[in-house]
Amino acid sequence: MNILDTIKAQKVKEVELLKAQFSYSFLEEQPLFNSATHSMKKAIESSVTGGIIAEFKRKSPAKGNINLEANVVEVTQGYANAAVSGLSVLTDSEFFGAQKTDFRLARKSNSIPMLRKDFMVDEYQIIQSKAMGADVILLIAKILSKKQLQSFTHLAHELGMEVFLETQNEVEILENLDLPFDLIGINNRNLNSFEVSVENSIKLAQLLPKSSIKIAESGIQSLKTLQLLKANGFNGFLIGEYFMKERNPAEKCKKLIQQLL
């Protein structure tokens, strides 16, 4: 099993436990379930600061511990003050070190669009995401069937959330062009080998319609890389480790945006 298969298997177990603890009706009764959502797609389309989705994560399977003690309120508010287009907050504790309160505290402290970054394997998690106050959910093409991608997208849209579809190769893009996703991410990192290839992402971006909101993910470690991706048709950039490995992630984010302007 590769790391993605391992994560998926663990996630299936986690969801079954959650279902036993919290019913669908419990989720639907949460205060944020009926709250209005914020469009990340529109925020990126209208961005004058580079279309950055700044990520809060404590660790990852690829990089190990990154910033375990980071203060989620401090960092996400700092990102928002730097005028990012949106926030991405990890909610997986097993592999990404998320604390149970991370998303809730970030949501409470910020009114800009927020992506719930996790491994969606069950419709329960879509309902849960709305109850948490998420504006956008992540769907990873590599771990979901076409039928799941279609039904999860439909449910998310029904609940007023947007869908960020993550792809990593030509097949995943071509097979899902008919899916009504709102944002499409191309992961620079191969999730099987963890190798990073910006050139691969640039090549894959050419397969997408010009109207697609294209987001580059993973391995963006310099202004030069970001500018190269932007010049090749990417509208937005999901950046986590580049910021989070610093003592002050928000300051690093602010500096990058200033360099872009």
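Coordinate-derived values only; no laboratory data. Values in this document were obtained by computation on a predicted structure and should not be read as measured data. Don't worry about glycine lacking a Cβ; one is built from the backbone with ideal geometry, like all the others, and counts go over all protein chains shown.
Miscellaneous remarks
- Members of K146/K252; K57/K224; K130/K203; K19/K203 lying beyond 32 Å, as alpha-carbon distances in this model show: K146/K252; K130/K203; K19/K203
- Prolate/oblate/rounded call for the range 106-261, Cα gyration tensor, a/c under 1.5 rounded: oblate
- Karplus (6.51, -1.76, 1.60) ³J(HN,Hα), θ = phi - 60°, over the range 120-132, in Hz, Gly and Pro reported as x: 7, 10, 8, 4, 3, 5, 5, 4, 4, 4, 5, 5, 7
- Fluctuation leader among K210, K230, K59 - the chain, Gaussian network, Cα springs under 10 angstrom: K210
- The chain: radius of gyration over Cα atoms, expressed as a fraction of 2.2 N^0.38 Å: 0.93
- Counted charge near G233, where neighbours are those whose Cβ lies closer than 12 Å (Asp, Glu -1; Lys, Arg +1): +4
- Dipole axis of the chain (+1 Lys, Arg; -1 Asp, Glu on Cβ), positive-most option in L139, T91, A54: A54
- Dipole of the chain, positive direction: furthest Cα of F152, I257, S23, with charges on the beta-carbon: I257
- Residue-wise HN-Hα couplings along the range 243-256, as the Karplus relation 6.51 cos²θ - 1.76 cosθ + 1.60 with θ = phi - 60° gives them from phi, are 8, 5, 6, 8, 5, 10, x, 5, 5, 5, 4, 4, 5, 5 Hz; Gly and Pro carry x.
- Residues with amide H under 5 Å from that of S88, placed H, sequence gap 5 or more: A54, E55, F56, L115
- Under Karplus coefficients 6.51, -1.76 and 1.60, residue-wise ³J(HN,Hα) of the range 177-186 in Hz, glycine/proline x: 5, 8, 6, x, 5, 9, 9, 10, x, 10
- Computed magnitude of the charge dipole of the chain (debye, nearest 20; Cβ of K, R +1, Cβ of D, E -1): 640 debye
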